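K.L.:
Below you'll find the structure I mean.
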Amino acid sequence: MTDLQTSLFIIGGAFLVGVISYNKWQEYKAKKSVERAFSGSHDDVLMTPGKAPAKENGEAPARHEPKLFEPELDTDDMSALPHDDLEQSAEQQAIEPQLGNPVTASASAPPARKDLPVDELIDCAIPLALEAPVRGDKALPALQTLRHVGNKPIHFIGEDANGEWEPVAHGGIYTTLLAGVQLANRTNPLNEIEYSELVTRLRQIADDLGAEPDLPDMSEVMHTARGLHQFVIEHDAQLGVNIQSNGAPWAISTLLAALTRQGFDARPEGRMVMSDGDGGLLFSLSTNATAVAETTSRLTLLLDVPRVAPDRDGYGAMVACARSLAARLGGVLVDDSNQPLADVQLAEIAGQVDAFYREMDAAEIPAGSIRALRLFS
């Protein structure tokens, strides 16, 4: 081996050792930065749902909202990007859904009740006139064979001898049955193929139970389904805010462990979610990193607006959480173009969010309600 080759081997080895040492040092700094950020023992009310810091004069703090943007159809995709500020013109302020009248085949169908699985505002309700009262024990095996058409759920309720409607259950005796298929969801409206399948299979069930289905006209059902889906499209919005590191990236393993201690729950699909305390979700968090990445320089908090009721103050809690994380981690709140989110921008979005909720209330589909949870799924 010549002196030149020996020198090259020595130089190459030194370079390799330097690269490895640098990477290890970066990992160490990332881990320590997160550990220092969450090493405090004080109770951080900003990280607790339903809590927010009070102003010095005792008044509740003003709510500041993040940039509003529309999601992809898959709401679990945390990479959805915000669009431009939501500015509603005079024409856009009338986003009333063209729902028309509820699709029912008979005037004898029950009034809409939010606690029943068949809701005439969002379901196509089909009465099944029985030749004789039927026991729930006999009806359930047949009804349970029809749970979905396409991706639309189907539910059944029954009317008892007292004229009360309830989900068909063992031990009940029913004089009339009512089937309901959901008219729309985030993916698409009920279509002709799905409705035809429903009719065919429903006739088979009716024959088994000695019943006659009173079927609505397909064209009317399709018209209502498309109108309801249009409402879903126009109100399928999310709130998102990013936290960008001002320095070294954060160690993901240490960060996720710290977030879990602060109230976030880790989901199997990799999301971190903040609970509302009653089994629902306020918002979720993404590290914007691949499964094998060890560090990240950007976090994204995301609120599924129509699925969280206004009184939960999901957007206020989310921004408070984002501010707390930014302060702890040495980051800054930014939009999707890495521009800092100023208080005035967040305040403007607050008004737009309030208007959004008023539109949903006017359509009798309040955000966070059972109707909204079914439609925006």
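K.L.:
Grab the beta carbon distance between ALA291 and ALA347, set R0 = 41 Å, and tell me the FRET efficiency rounded to 0.05.
P.N.:
The calculated FRET efficiency here is 0.65.
K.L.:
Let me test this: with uniform point scatterers at the alpha carbons of the range 326-369, what is the Debye-based log₁₀ I(q)/I(0) at q = 0.14, 0.31 1/Å?
P.N.:
Values returned for q = 0.14, 0.31 Å⁻¹ are -0.52, -1.02.
K.L.:
Using the C-alpha gyration tensor of the range 193-239, what are the square roots of 5 times its eigenvalues, in whole angstrom, with the largest one first?
P.N.:
Taking √(5λ) for each Cα gyration eigenvalue gives 31, 12, 8 Å.
K.L.:
Report the FRET efficiency, 1/(1 + (r/R0)^6), for ARG203 and ASP278, where r is their Cβ-Cβ distance and R0 is 51 Å, rounded to 0.05.
P.N.:
After rounding, the FRET efficiency stands at 0.80.
K.L.:
Residues with beta-carbon under 11 Å from that of ASP276, excluding ASP276: net charge, scoring Lys, Arg +1 and Asp, Glu -1?
P.N.:
Around ASP276, the surrounding residues sum to -1.
K.L.:
Pop the C-beta distance of ASN162 and THR187 into the FRET formula with R0 = 30 Å and round what comes out to the nearest 0.05.
P.N.:
So, using R0 = 30 Å, E works out to roughly 0.20.
K.L.:
Which length gain, in nm to one decimal place, applies between ALA266 and ASP115 when the Cα-Cα distance is subtracted from 0.36 nm times their residue separation?
P.N.:
51.3 nm
K.L.:
Taking a point 7 angstrom from the Cα of ASP361 along the C-beta vector, which residues in the range 283-321 have backbone N less than 11 Å away?
P.N.:
Residues 310-311 qualify, since their backbone N sits under 11 Å from the label point.
K.L.:
Take the solvent-accessible surface of the protein heavy atoms, probe 1.4 Å, and return the percent of it on the range 224-377 that carbon and sulfur atoms account for.
P.N.:
For the range 224-377, the apolar C and S fraction of the accessible surface comes to 51 percent.
K.L.:
Accessible area per residue, 1.4 Å probe, Å², for the range 208-337: what's the number?
P.N.:
Accessible area per residue: 39 Å².
K.L.:
Let me ask something else about it. Tell me which of ALA258, ASN242, GLY210 sits at the most positive position along the dipole axis of the range 206-271, charges placed on C-beta atoms (Lys, Arg +1; Asp, Glu -1).
P.N.:
ALA258
K.L.:
Shifting gears a bit: Looking at the range 171-274, what % of the alpha carbon pairs are farther apart than 24 Å?
P.N.:
57
K.L.:
Please grab the % of Cα pairs in the range 112-163 that end up more than 16 Å from each other.
P.N.:
Counting pairs separated by more than 16 Å, the tail of P(r) holds 50 percent.
K.L.:
Roughly speaking, what is the centre-to-centre gap between the range 133-206 and the range 263-320 when only Cα atoms are used, to the nearest Å?
P.N.:
Here the answer is 35 Å between Cα centres.
K.L.:
Between HIS223 and ASN338, what is 0.36 nm times their sequence separation minus the Cα-Cα distance? Round to one decimal in nm.
P.N.:
Length difference between fully extended and current span is 37.1 nm.
The values are calculated or read from the model by the stated rules, or taken from the named source; none is laboratory data. Source: prediction; values computed, not measured. Counting neighbours? That spans all protein chains shown, and the Cβs are built from the backbone with ideal geometry, glycine included. All accessible areas refer to the heavy atoms of the entire protein, side chains included, with ligands and DNA or RNA removed. Shrake-Rupley method; radii C 1.70, N 1.55, O 1.52, S 1.80 Å.
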